[in-house]
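Have a look at the structure below before the remarks.
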Amino acid sequence: MKTIKIEPVTRVEGEARVVIVIDEEKHVVRDAYYQIMSLRGFEAFCRGRPVEELPRITSTICGVCSWAHHLASAKAVDEVYGRKPTVYADNLRELTMLAQICDSHLLHFAFLALPDILSKNIREIVIGEPKLLSMLIKARSSVVNIEKILGGKPIHPSFTVPGGVARKLSREDIARINNLIRELYVNITASIDYFNERILKSTNFRKLIENEAFTIKSYYMGLIDTDGSIGFYRGKLRIIDPDGRELALLEPRDYTRFIEERVEAWSYSKFPYVKTNKTRSMDGEYGLVRVGPLARFNISTKIPLERSRFEYERLIETLGEKPIHNSQVNHWIRLLEVLYSTEKMFKLIEEISNTEGETVNTSGEPRYEGVGIVEAPRGTLIHHYKTNEDFITTDINVITPTTFNNPAINREIRKVCESSLHNILSSDLEPSYFNDVEVAIRAYDPCNSCSTHLHIISSDGRKSKSMVISR
């Protein structure tokens, strides 16, 4: 046996490594594991705390997607108290969710994904593509300033209260946000024009989105709004099968009807899967489900905003009918989601400026259990809380997008290794042989701080040859 470690995996949030086990005698990839190196235990230390504190606490799970955790937690707390947020509060929350999508996507695209897309390192991009990088940085700067206005700071906010939000926007705040959205729109549309003219036509990007090694069939899940469009903050949970047929359309609180979690002997991480009549479907595996930009694209049935609709139609014309299964398409869709979110923010800030009413609803019948689901940048994020009659948290389950995508990441890196098996078995093993493994991982933009699982490999008692590729 040959054991190869890629440590650390670079240009991802948090710390991770890959372990590849090769049977040299049979010339097969025995297994490939994506291992997250930290265990932080948020679920454990949230128990016993007043549930109204959880939106603030859970926002510190991650600095990149803290708003997503804050809002998913707030929605769960609303249900615990039985309080339906006011229209004003719901619109303001949705605005912050859209800003979060833009913030995270722009950060990932500009600094983590662009080297893969252009096949250049960061230094080469700074020198060779200064215009694109400048537009992306300016766009993200606008978003960060929007988040500062809304939450007082761009990360780890204390913005929501049970049944609403902590404060109302002033006229000055609304005017500033409006201007920042306009700046964002100018830079994201220019970035997409650049992408269409330069990147989409490039040989390297075409190779990525046409490479079978990055293509796996799966179920897809995400929130959709009442009109069938992507619902980042609100809507019902839609699940489709690998052929695009609808498996379920359900209220977020009913997610356990179709989603379960399993464990593997080699991992501390849970592996979510879709419950179907054929539980062990898809090549002998459980019902593999993916979330995130690609999933949202596949499960949505409508793009209501004009420029966004035009760009999504361009994607379909280029790649064919949905569902699309190549994970590298995530990069393209992230740019389109920034555009879509920006256009939607224009409409929301106008509604907010014209909406009168309270920031919080204090009436309702307590349920002592609540489920909050949002579409975080990386995919469906679930917060599920239970409390006693004093609203002290007794049970909490957080299922992050990276946890949902964990089985798919493991499956895909194994497929990539199988496609490069000849190089891996060679005597002059080079680190460059494993570039595609990291490219596959980065397409999912894994948030390892959110997932916070540790994977272990059980020994089979056989002597193995170990090789570490360190950076």
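All of the numbers you see were taken from the coordinates with simple rules; none came from a lab. Keep in mind that what you see is a predicted model, and the values were worked out from it rather than measured. Heads up, the Cβs are rebuilt from the backbone with ideal geometry, glycines too, and the neighbour counts pull from every protein chain shown.
Take the Cα of GLU356, step 7 Å toward its Cβ, do the same at ASN179, and the gap between the two points is 2.8 nm. At the listed q of 0.14, 0.20, 0.25 Å⁻¹, the Debye profile of region 132-227, built from one uniform point per Cα, gives log10 I(q)/I(0) equal to -0.85, -1.04, -1.16. For region 48-408, relative contact order (Cα pairs under 8 Å, six or more residues apart, normalised by length) works out to 29 percent. For the chain, the 222 nm mean residue ellipticity estimated from helices alone, with every DSSP H stretch of n ≥ 4 adding -39500 (n - 2.57) and the total spread over all residues, rounds to -13000 deg cm²/dmol. Over the chain, the alpha carbon radius of gyration divided by the compact-protein estimate 2.2 N^0.38 Å works out to 0.97. Pairs of Cα atoms nearer than 8 Å and 6+ residues apart set the relative contact order; for region 126-207 it is 37 percent. Step through the table entries LYS120/LYS347; LYS322/LYS386; LYS168/LYS344; LYS131/LYS344, compare each Cα-Cα distance with 29 Å, and write down the pairs that go over it. Over 29 Å Cα-Cα: LYS120/LYS347; LYS322/LYS386. Dipole orientation for region 48-408: of the candidates ALA74, LEU319, SER218, LEU319 has the Cα lying most toward the positive pole (charges on Cβ; Lys, Arg +1; Asp, Glu -1).
Overall, region 48-408 carries a charge dipole of about 600 debye about its Cα centre when +1 sits on the Cβ of Lys and Arg and -1 on the Cβ of Asp and Glu, all other atoms neutral. FRET efficiency for the LYS148 to LEU421 pair, using the beta carbon distance and R₀ = 51 Å, is estimated at 0.55.
Need one word for region 277-414: rounded, prolate or oblate. Basis is the Cα gyration tensor (sqrt eigenvalues a ≥ b ≥ c); a/c below 1.5 gives rounded, then a/b vs b/c decides. The shape class here is oblate. Our summary gives region 34-110 a relative contact order of 23 percent, counting only alpha carbon pairs under 8 angstrom and 6 or more residues apart. If you take all other residues with their beta carbon under 12 Å from the beta carbon of PRO272, and give Lys and Arg +1 and Asp and Glu -1, the sum is +2. Backbone amide hydrogens, once placed in the peptide plane, bring LYS275 within less than 5 Å of ILE259, GLU260, excluding anything fewer than 5 places away on its chain. Value of Rg to Rh for region 285-335, rounded to two decimals, is 0.98; Kirkwood radius and Rg both from alpha-carbon coordinates. Peptides 289-301, 215-227, 324-336, 3-15 ranked from most to least packed give 289-301, 324-336, 215-227, 3-15, packing being the mean of other C-beta atoms within 10 angstrom over each peptide's residues. Centroid-to-centroid, using Cα positions, region 329-352 and region 202-254 are 17 Å apart.
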